[in-house]
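First comes the structure, then the notes that go with it.
The values are calculated or read from the model by the stated rules, or taken from the named source; none is laboratory data. The structure displayed is predicted, hence computed values, not measured ones. A quick note on method: Cβ atoms are made from the backbone with ideal geometry, for glycine too, and the neighbour counts reach across all protein chains shown. When the accessible area is computed, the model is the full protein with side chains, heavy atoms only, and any ligands, DNA or RNA have been set aside. Shrake-Rupley method; radii C 1.70, N 1.55, O 1.52, S 1.80 Å.
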Amino acid sequence: MGTAEPAEQPLQRRVGLWSRYTTADLDVFSDAERRRFVHGCEDPRRDEELAWELLYRREPRLYDRLVRAERLHPEVVAWLPGGLERIVEVGAGAGRLTLELLDRAQAVWAVEPAAPLRELLLEKLSRAKRGDRARVIGGFFDELPLADNFADLVVTCSAFTPAAAHGGEPGLAEMERVCRPGGRVAIVWPNNLDWLAARGYRHVSFGGDMFLEFASPAEAVELVEIFHPHAAAAVRERGSQRVPYAALGVNPPRDVAYKVISP
């Protein structure tokens, strides 16, 4: 007698973000998104960056659950300048940083390419104190729909990378174009400090132990299975809703790379 094939796991229980989507999910992309995010391989099971882009559009609330656990170091927000006229945030996502910026400027322009995340952010802003200070618009790092010298601070959090689809040289140039002379471009939780340093960016970092703070131990296991499956067994054994970033092999959100734009 042959061995029976194991039943396929329900979609929400598959392990690993890259296993959640197929090429059929690419229909969610606009033409502009497809040009930027789909290169050669169209299989999100083989392209993790592509899987992340699908997450933002197919399951924005799942992404938001992860973001709620990934709390920024409190001194990061305190370090950002305040009392400003305008802030532009690029890659605003579900509002991890946006809501923190409302007290730091008269107006915040939140630029986010994924329409479902824009909708989620608008929902949050409708309930937030001073949420009417923010305007949520579509746009990409390499093509910001804003004028030259528009903002006192241009900031991005956990969105910019050296890859062209997620910033790169064109995105850096655009952020600097939108920032007024004497203003500051700040990249929160950067993933390539050496690359940014070579382009004139300085770096600050804040100390102390940092953890992801999930709603429960069960949620910690569920989300780590999806986003950091290599660490799922250790998190399950730990049995805590607090997960050290070190356990995931991830740098904590304690760093900022920044550049003051010359007059």
Practice item. Determine whether S262 is of a type in the set (S, T, Y), open to solvent by 60 Å² or more (accessible area, probe 1.4 Å), over 13 Å from L66 (Cβ atoms) and at pLDDT below 95. Key: yes
Check your understanding: Say we look at region 117-130 and pick out the residues that are in contact with a helix residue (DSSP H, G or I) (Cβ under 7 Å, 6 or more places away or on another chain) and buried (at least 18 other Cβ atoms within 10 Å of the Cβ); which of these is farthest from L55 (Cα to Cα)?
Key -> L125
Check your understanding: Looking at region 227-243, is at least one residue closer than 17 Å to C157 by Cβ and out of contact with any Leu (no Cβ under 8 Å at 6 or more places or on another chain)?
Key -> no
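Considering only region 37-109, give the helices (runs of 4 or more DSSP H) lying wholly within it that have at least 3 residues that are in contact with an Asp or Glu (Cβ under 9 Å, 6 or more places away or on another chain) and either open to solvent by 60 Å² or more (accessible area, probe 1.4 Å) or more than 16 Å from Y258 (Cβ to Cβ) (or both).
Working: elements: 48-58, 60-69, 74-79, 98-101.
By residue number, 48-58, 60-69.
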Review point. Out of region 167-183, which residues are in a helix (DSSP H, G or I) and on the phi < 0 side of the Ramachandran plot?
Key: E169, P170, G171, L172, A173, E174, M175, E176, R177, V178
Point to revise | Test for A186: is it closer than 22 Å to V38 by Cα and surrounded by 16 or more Cβ atoms within 10 Å (Cβ to Cβ) | key: no
